[in-house]
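Undergrad: Sending over a structure as structure tokens; questions will come in a sec.
Every number here is computed from the coordinates shown, using simple stated rules; none is lab data. Computed from a predicted structure; not experimentally measured. Positions of Cβ are backbone-derived with ideal geometry, glycine not excepted, and every protein chain shown enters the neighbour counts.
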Amino acid sequence: MNLLEVKNLNTSFHIGVGTVQAVRGISFHVAQGESLGIVGESGSGKSVTMLSVTGLLPYNAEISSDSITFDGREISGLSKKEMRKLHGSEIGMIFQDPMTSLNPLFTVENQLTEPLKIHRHMDKASAREKALALLRQVDIPNPEARLKQYPHELSGGLRQRVMIAIAIACAPKLIIADEPTTALDVTIQAQILELLQGLKRDSRASIIMITHDMGVIASMCSRILVMYGGTICEQGDVREIFYGARHPYTWGLLNSIPKVHQKRGEKLVPIHGTPPDMLQPPAGCPFAPRCRYCMPVCRAYMPPETALSETHRVACHLMHPKAPKVTRED
């Protein structure tokens, strides 16, 4: 059964010089207990997609969809007050930068007990005991002292753990992790990922991992959406994406990963060019200007989605029977 199902989501931002079409007609689902990875370069629409689903975008955003259902309920038409009830209680969000997401004016205790008081109607003493238990759950040492501290008194790794504790405080059914390891050193990154895996295993919550790091996706997720130019260009399970990818953009992401057997001095292969201007998105495939296999049809028409298996889908004109036969090694 699907916990979250999104159909034909479109999100635009109205700014002074025009309209930025950040997300363009995407559809996807997340099953109960599943770990879904959303990967792509900065500006591809990953974070905006999930902020659209949760209704956390600014006033100049315009969101439309055929349907957004969560746990069997249609949530696309909920008011801000109704969405606030959903946040924290059933959907937990781990934001990219805990330093800007945590309020610098309040202690860890204030920020951790607030959702417990609002959504679980706990009194002050009960909320404090639960907050201590949450800090222990996310492996924060000396939790009694940490409760009294402010965000600036904590290291980056500890701030991220506090963010995770807030996100899971009310045992949500869905946890959205937006670049949870950005700006952390590799040791702390590994600890945070191990912590998230343990939480998923213990709580059986669904996780959506948003990142540009294919290594993080490989270790955390069972299924992957590859986004580019506000669209989903390829999706499939981890094995299909890492060993059977068919979209040139996915090949580019995979080729940019350092490999264990890589020879000394061998350079990584970058994706040349820049992402499209979403003020004036291209009529055809958004990756066409950067694609070495680009054909005239790619610039003129958006490619249809081709199903390669029950889970593996690719939006690329190279999937047409009359297109040139190319592989990742070409």
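Undergrad: Using 0.36 nm per residue of separation minus the Cα-Cα distance, give me the extension gain between S27 and Y293 in nm, one decimal.
TA: Result: 93.2 nm gained on full extension.
Undergrad: Could I ask something else about it? Would you work out which of L268, M163, P289 lies farthest towards the positive end of the dipole of the chain? Charges go on Cβ: Lys and Arg +1, Asp and Glu -1.
TA: With unit charges placed on the Cβ atoms, the residue in question is L268.
Undergrad: Separate question: I need the P(r) histogram for the chain: all alpha carbon pairs, bin width 10 Å from 0 out to the longest distance, whole percents.
TA: P(r) over the chain, rounded to whole percents: 5, 24, 32, 24, 11, 3, 0.
Undergrad: Roughly how big is the chain's charge dipole about its Cα centre, with Cβ charges of +1 (Lys, Arg) and -1 (Asp, Glu), in debye to the nearest 20?
TA: Here the size comes out at about 200 debye.
Undergrad: Treat the count of other C-beta atoms within 10 Å as a stand-in for reagent exposure and order R84, R313 from fewest to most.
TA: R84, R313
Undergrad: So for the stretch 71-199, considering every pair of alpha-carbon atoms, how many percent are separated by more than 17 Å?
TA: Value for the stretch 71-199 (Cα pairs over 17 Å): 57 percent.
Undergrad: Using R₀ = 51 Å, calculate the FRET efficiency as 1/(1 + (r/R₀)^6) where r is the Cβ-Cβ separation of E266 and N142; round to 0.05.
TA: Calculated transfer efficiency: 0.65.
Undergrad: Calculate I(q)/I(0) for the stretch 114-179 by the Debye formula, one identical point scatterer on each C-alpha and no solvent, and give its log10 at q = 0.15, 0.16, 0.26, 0.27 Å⁻¹ to two decimals.
TA: Log10 of I(q)/I(0), two decimals: -0.47, -0.54, -1.26, -1.31.
Undergrad: Quick one: order S79, S101, S206, S126 by neighbouring beta-carbon count within 10 Å, fewest to most.
TA: In increasing order of surrounding Cβ atoms, one gets S79, S126, S101, S206.
Undergrad: If you don't mind, there's one more thing I want to ask. Towards the positive end of the charge dipole of the stretch 174-322, with charges on Cβ (+1 Lys, Arg; -1 Asp, Glu), say which of T250, Q189, M227 has the farthest Cα.
TA: Most positive-ward Cα: T250.
Undergrad: Equivalent-ellipsoid semi-axes (√(5λ), Cα gyration tensor) for the stretch 1-140, whole Å, largest first?
TA: 30, 19, 15
Undergrad: For Cα pairs less than 8 Å apart in space and 6+ apart in sequence, what is the mean separation divided by the residue count of the chain, i.e. the relative contact order in percent?
TA: 20
Undergrad: Which values of log₁₀ I(q)/I(0), to two decimal places, follow from the Debye formula for the stretch 274-330 at q = 0.13, 0.23, 0.27 Å⁻¹ with a uniform point scatterer at every Cα?
TA: Rounded to two decimals, the profile gives -0.36, -1.00, -1.20.
Undergrad: Next question. Over 23 Å between Cα atoms: which of K81/K173; K46/K173; K80/K173; K117/K173; K124/K200; K263/K325 fall into that group?
TA: K124/K200; K263/K325
Undergrad: Could you give the size of the charge dipole of the stretch 183-273 about its Cα centre, using +1 on the Cβ of each K and R and -1 on the Cβ of each D and E, expressed in debye and rounded to the nearest 20?
TA: 220
Undergrad: List the residue ranges in the chain for DSSP H helices whose C-alpha atoms run 20 angstrom or more along the long axis and whose Kyte-Doolittle average is 1.0 or above.
TA: The qualifying helices: there are none.
Undergrad: How large is the Kirkwood hydrodynamic radius of the stretch 185-255, counting all unique pairs of alpha carbons, in Å?
TA: 13.2
Undergrad: How large is the charge dipole for the stretch 70-199, taken about the Cα centre, if only the Cβ atoms of Lys, Arg (+1) and Asp, Glu (-1) carry charge, to the nearest 20 debye?
TA: Charge dipole of the stretch 70-199: 500 debye, to the nearest 20.
Undergrad: Right, another one. What translational diffusion coefficient, to the nearest whole µm²/s, does the stretch 220-321 have by Stokes-Einstein, given a Kirkwood radius computed over alpha-carbon pairs, a temperature of 10 °C and 1.306 mPa s viscosity?
TA: Using the Kirkwood radius from Cα pairs, D works out to 109 µm²/s.
Undergrad: Let me ask another. List every residue whose amide H lies under 5 Å from the amide H of I175, counting only residues 5 or more places away in sequence or on a different chain, with H placed 1.01 Å from N in the peptide plane.
TA: Amide H neighbours of I175, under 5 Å, 5+ apart: G92, S206, I207, I208.
Undergrad: Pull up the DSSP beta bridges for the chain and report the antiparallel fraction as a percent, rounded to 5.
TA: Bridges in the chain that DSSP calls antiparallel: roughly 65 percent.
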